[in-house]
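These notes concern the structure reproduced below.
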Ligand SMILES: *Cc1c(COP(=O)(O)O)cnc(C)c1O
């Protein structure tokens, strides 16, 4: 079975985030802990997979084949879901065989791995790329890198449901907007679709401007037929996707100590630091209530040596 039974729905706690710079500015933040949805599967990549799993099940497939790098949160979530729900998974990896904590987990979860080299991986967008793989694995359903596209975004609409269900318990009647990290912008697009213009979604770009996130979001929103989307993108990349500097690492350490919540440097740490900068620049009025999405990714920070 690929698609989980309805009583197996991940629970992501929504918690107040208490940090001195938020309190000083009078901004209320609640954090949606996608890092805690399941002991094996974590983060936004699960939500991006949901509609792909449904489509795979409808097509009669027995499992999923997809691609990613040696630290891929997407492949990690996919392999964990396969183990958890009992379907076959195959991962096509960028580069040459490498042992990372992520790769060790993929193998432990039972994912079959193929290393494509760099040239072979670059060919992933070419027509005919999937043919030999589909010949080799006729029972498996192919999912694009990162689980992106409109289907990936559709699964992320659930984030709004998770928040709505927990607002009361938090003592909030409503909220004013969302703040979350963007890599491809698929997760943000899903929340934008769910809000349908009601509340703005602010995206903190973990990748530089030229990665086409704005175009990708626009394409998804258009394809879904949403006429008046409400979102805004902010640069949070600090000079490059895997670029990490000491102010960022110090900020993450301080935040972890103050909040007890773990963050990683590539997405969630950068997103929260970018929020701090906007809060301090006066972007939000006092009394603004924001939902910060903790998109997970903690598995990827093990054994990762960032570029500084
Ligand atoms: C993949 C990822 C993102 C980015 O998600 P997109 O849908 O590609 O924008 C953000 N945070 C973490 C932890 C991720 O692994």
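All of the numbers you see were taken from the coordinates with simple rules; none came from a lab. Just so it is clear, the structure is predicted and the values come from calculations on it, not from any experiment. Every residue, glycine as well, gets a Cβ built from its backbone with ideal geometry; the counts of neighbours run over all protein chains shown.
A few notes on this one:
- Treating r as the C-beta distance of residue 165 and residue 302 and R0 as 25 Å, the FRET efficiency rounds to 0.20.
- For the chain, the Kirkwood estimate of hydrodynamic radius, built from reciprocal distances between every pair of different alpha carbons, is 19.9 Å.
- In this simple spin-label model, placing a label point 7 Å from the Cα along the Cα-to-Cβ direction at both residue 242 and residue 226 gives a separation of 3.2 nm.
- Mean projected area of the Cα convex hull of the stretch 225-284, taken over all directions, amounts to 5.8 nm².
- Gaussian network model of the chain, springs between alpha carbon atoms under 10 Å - residue of 115, 179, 21 with greatest fluctuation: 21
- Simple spin-label estimate for residue 258 and residue 54 gives 4.0 nm between the two label positions (7 Å along the Cα-to-Cβ direction from each Cα).
- Distance between modelled label sites at residue 8 and residue 125, nm, 7 Å Cα→Cβ extension: 3.5
- Förster-model FRET efficiency, 35 Å R0, residue 84 and residue 281, C-beta, rounded to 0.05: 0.25
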